[in-house]
1. When Val84 is evaluated against the numbered criteria (1) without any contact (Cβ under 8 Å) to a residue 12 or more places away in the chain; (2) touching a Lys or Arg at 6+ places or on another chain (Cβ under 6 Å), which criterion, by number, is the only one it fails?
2. Does Arg130 satisfy the criteria of being more than 13 Å from Leu46 (Cα to Cα) and part of a helix (DSSP H, G or I)?
3. Pull out all pairs, ordered by first then second residue, where Cβ-Cβ is under 7 Å, the residues are six or more apart or on different chains, the first lies in the range 65-76 and is surrounded by 10 or more Cβ atoms within 10 Å (Cβ to Cβ), and the second is of a type outside the set (A, V, I, L, M).
4. Pick out the one residue from Ala108, Ala54, Ala59 that is in a helix (DSSP H, G or I) and surrounded by 14 or more Cβ atoms within 10 Å (Cβ to Cβ).
5. Where the second residue is small (Gly, Ala, Ser) and surrounded by fewer than 14 Cβ atoms within 10 Å (Cβ to Cβ) and the first is free of Cβ contacts under 8 Å to residues at least 12 places away in the same chain and within 14 Å of Leu67 (Cα to Cα) and lies in the range 119-139, which pairs have Cβ atoms under 6 Å and are six or more apart or on separate chains?
6. Kindly provide the set of residues from the range 88-122 that are in contact with a Lys or Arg (Cβ under 9 Å, 6 or more places away or on another chain), β-branched (Val, Ile, Thr) and within 17 Å of Ala143 (Cβ to Cβ), ordered by number.
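What follows is calculated from the coordinates using simple rules that are stated; it is not laboratory data. As the structure is a prediction and not an experimental result, all values here were calculated from the model. We place every Cβ from the backbone using ideal geometry, glycine too, and count neighbours over all the protein chains shown.
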Amino acid sequence: MSRPRPRTLRYLAGVVLVCSLVAGGCASLRLGTYPRDFVYLTEGELSGAMHELAAHMGALSNLLDDLAAGADAESVADVMVTEVDSMRKVTDRLGVGSPGTNHLLLDAHLSEFVDDLEDARRTLNATPPRFYQAGRLVGSCSACHRFR
């Protein structure tokens with residue numbers, strides 16, 4: 001086997017250095033091209049948040065099933081409020097209230113989803129608790145994701 005020539009090693013080192021600088025520069029370029037409060041979500045962040053929301057929706061659906069089976073309405077409502085509050089925290093990470101994100105569909109529907117969360121929370125805290133909005137909330141996933 002022949003030994004690599006020093007000139008080839010310098011060339012490879014130069015290529016690696018340039019690629020590293022370009023990759024680092026792209027990240028800082030993005031910081032300069034968007035407003036300060038713009039929320040840039042990576043694919044992993046978005047996917048993780050959507051999976052969290054799906055888990056909370058599943059819990060809400062199960063609680064509605066428990067209610068239909070005769071569970072105590074007050075205790076079911078209390079647990080549902082906890083789930084809705086957890087979902088609200090996830091939406092905060094997704095950029096609710098920011099001038100935008102890099103996901104246009106999310107921007108178009110996130111504030112409406114937050115309004116649905118607030119409506120569900122308000123009606124669950126009523127005396128006696130009302131569950132219609134929570135049921136609508138559970139069904140809202142299929143409305144937005146019907147084409148996926």
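1. Unmet condition: (1).
2. no
3. Once the first residue is surrounded by 10 or more Cβ atoms within 10 Å (Cβ to Cβ) and sits in the range 65-76, its partners that are of a type outside the set (A, V, I, L, M) give Leu67/Phe131; Ala73/Pro128; Ala73/Pro129; Glu74/Pro129; Val76/Asp66.
4. After applying the criteria, what remains is Ala59.
5. Here the result reads none, with nothing in the range 119-139 linked to a residue that is small (Gly, Ala, Ser) and surrounded by fewer than 14 Cβ atoms within 10 Å (Cβ to Cβ).
6. Listed by number, the list holds a single entry, Val114.
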